[in-house]
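> Below are the structure tokens for one structure; questions will follow.
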Amino acid sequence: MNLKYKRVLLKLSGESLSGKIGHGIDFDTVVKICEPIKKIVDMGCEVAIVVGGGNFWRGRSSGSMDRTRADHMGMLATVINALGVADGLEQVGLDVRVQTAIAMQEVAEPYIRNRAVRHLEKGRVVVFGCGTGNPYFSTDTGAALRGAEIDAEVILKATMVDGVYDSDPKKNPNAKKYDHLTYMEILNQNLQVMDMTAASFCNDRGIPFLVFSIEDPENIVRAVCGENVGTVITK
Ligand code: UDP
């Protein structure tokens, strides 16, 4: 198999790191996800990763809490995941740097775009924590933003579902899966695949987005080789 994309931004949802446990981090699952990442780096692909935090905390599900504080907690959750993923990547033999949008220099590098690009050029994987660094945003938007900043050719969103459906496949056995969608269709039909800010930003930038299931981690290899392993979203 040959690479289609030379530089990719991989978004790993928090949920994808918790495996069968369903919350927190299941480190065996993390290592299984890191193995195909090693394969694609060895094939010459430059990989940056944005991690979610939903396996620990989501600001929008925090009830009556102050939203900004709840989102700060969510962003800190993404840092726990970023460190876990970095450790998994190192265990499979990769060089890794973690950069956070909220500075915590004793733990990780601060986010510096040019430095992140330099790491990628040297074959290091860069893991971005804290999403955009701002409350009221999501790590999907963080992935879109970082993807644009580092000139990623595609955003690969690894989740627990194998693509975008017209209704919830867990509730509706007749739910239809889309192979291809445009950002405008997502926005107009309010499809729950990414938040509206991310969809609107990606539409603006024209970056393609592939949503696929991480239950088979080899999908990462297939995705960077250009296979439509889920749903492709374009402008
Ligand atoms: N978050 C935030 N700003 C960002 C990214 C994330 O405030 O730019 C917070 C927000 O509370 C969010 C949480 O971090 O709910 C975890 O991120 P997300 O829900 O996107 O994680 P995922 O669902 O992908 O696991």
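> Test residue 95 against the stated conditions and say whether it is without any contact (Cβ under 8 Å) to a residue 24 or more places away in the chain, acidic (Asp, Glu) and farther than 21 Å from residue 16 by Cβ.
Answer is no for this residue.
> Could you say which residue among 43, 1, 65 is over 16 Å from the mean Cα position of the chain (by Cα) and within 14 Å of the ligand (Cβ to nearest atom)?
Only one candidate qualifies: 65.
> Do we have any residue at all in the range 154-177 that's among the small types (Gly, Ala, Ser) and in contact with a helix residue (DSSP H, G or I) (Cβ under 9 Å, 6 or more places away or on another chain)? Give the steps one after another, and end with the answer.
Just the residues of the range 154-177 that are among the small types (Gly, Ala, Ser), to begin with: 158, 163, 167, 175.
If we keep only those that are in contact with a helix residue (DSSP H, G or I) (Cβ under 9 Å, 6 or more places away or on another chain) as well, we get 158.
Yes: the range 154-177 contains one or more residues that are among the small types (Gly, Ala, Ser) and in contact with a helix residue (DSSP H, G or I) (Cβ under 9 Å, 6 or more places away or on another chain).
> Report, by residue number, each residue of the range 88-105 that is under 19 Å from residue 38 (Cα atoms) and surrounded by 16 or more Cβ atoms within 10 Å (Cβ to Cβ). Spell out the reasoning first.
So the first thing to find is which residues in the range 88-105 are under 19 Å from residue 38 (Cα atoms), and the list is 88-98.
Result: 88, 89, 92, 94, 96, 97, 98.
> Here is a follow-up. Determine whether the range 22-44 contains at least one residue that is farther than 22 Å from residue 220 by Cα, crowded, with 18+ Cβ neighbours inside 10 Å, in contact (Cβ under 8 Å) with a residue 40 or more places away in the chain and not small (Gly, Ala, Ser).
The answer is no; no qualifying residue exists.
> Let me ask something additional. Which numbered condition in (1) more than 12 Å from the ligand (Cβ to nearest atom); (2) surrounded by 22 or more Cβ atoms within 10 Å (Cβ to Cβ) is the only one that residue 12 fails?
(1)
> Mind telling me which of the residues 70, 108, 116 ends up being within 7 Å of the ligand (Cβ to nearest atom), of a type in the set (Gly, Ala, Ser) and over 21 Å from residue 36 (Cβ atoms)?
None of the other options fit; the residue is 70.
> Sticking with this one: Of the residues that make up the range 126-140, is at least one at pLDDT 95 or above, away from the ligand (no atom under 16 Å from the Cβ) and among the aromatic types (Phe, Trp, Tyr)? I'd like the intermediate steps shown before the answer.
From the range 126-140, those at pLDDT 95 or above are 126-140; that's our starting set.
Going one step further and asking which of them are away from the ligand (no atom under 16 Å from the Cβ), we end up with 126.
Those left that are additionally among the aromatic types (Phe, Trp, Tyr): none.
No, that holds for no residue.
> What about residue 167, is it of a type in the set (Ser, Thr, Tyr), surrounded by fewer than 19 Cβ atoms within 10 Å (Cβ to Cβ), at pLDDT 95 or above and not in a strand (DSSP E or B)?
no
> Shifting gears a bit: Would you confirm whether any residue within the range 162-175 is in contact (Cβ under 8 Å) with a residue 40 or more places away in the chain, within 30 Å of residue 97 (Cβ to Cβ) and within 16 Å of the ligand (Cβ to nearest atom)? It would help to see each step written out before you state the result.
Step one: list which residues in the range 162-175 are in contact (Cβ under 8 Å) with a residue 40 or more places away in the chain, which gives 162-164.
Subsequent filtering for residues that are within 30 Å of residue 97 (Cβ to Cβ) retains none.
No, the range 162-175 contains no residue that is in contact (Cβ under 8 Å) with a residue 40 or more places away in the chain, within 30 Å of residue 97 (Cβ to Cβ) and within 16 Å of the ligand (Cβ to nearest atom).
> Sort through 30, 8, 92 and tell me the only one that's under 15 Å from the mean Cα position of the chain (by Cα) and more than 25 Å from residue 112 (Cα to Cα).
Details: 8 fails: more than 25 Å from residue 112 (Cα to Cα); 92 fails: under 15 Å from the mean Cα position of the chain (by Cα).
Only one candidate qualifies: 30.
> Another question, then. Just give me the residues in the range 177-211 being in a loop (DSSP other than H, G, I, E, B), at pLDDT 95 or above and surrounded by fewer than 20 Cβ atoms within 10 Å (Cβ to Cβ), in sequence order.
179, 206, 208 - these are the residues of the range 177-211 that are in a loop (DSSP other than H, G, I, E, B), at pLDDT 95 or above and surrounded by fewer than 20 Cβ atoms within 10 Å (Cβ to Cβ).
> Among the numbered criteria (1) within 14 Å of the ligand (Cβ to nearest atom); (2) touching a strand residue (DSSP E or B) at 6+ places or on another chain (Cβ under 6 Å), which single criterion is violated by residue 202?
(1)
> Okay, next question. Which of the numbered conditions does residue 21 fail, given that it passes all the others? Conditions: (1) out of contact with any helix residue (DSSP H, G or I) (no Cβ under 6 Å at 6 or more places or on another chain); (2) within 14 Å of the ligand (Cβ to nearest atom); (3) of a type in the set (Val, Ile, Thr).
Failed condition: (2).
The values are calculated or read from the model by the stated rules, or taken from the named source; none is laboratory data. Just so we're clear, the structure is a prediction, and the values are computed from it rather than from any experiment. Glycine also receives a Cβ, built like all others from the backbone with ideal geometry; neighbour counts cover every protein chain displayed.
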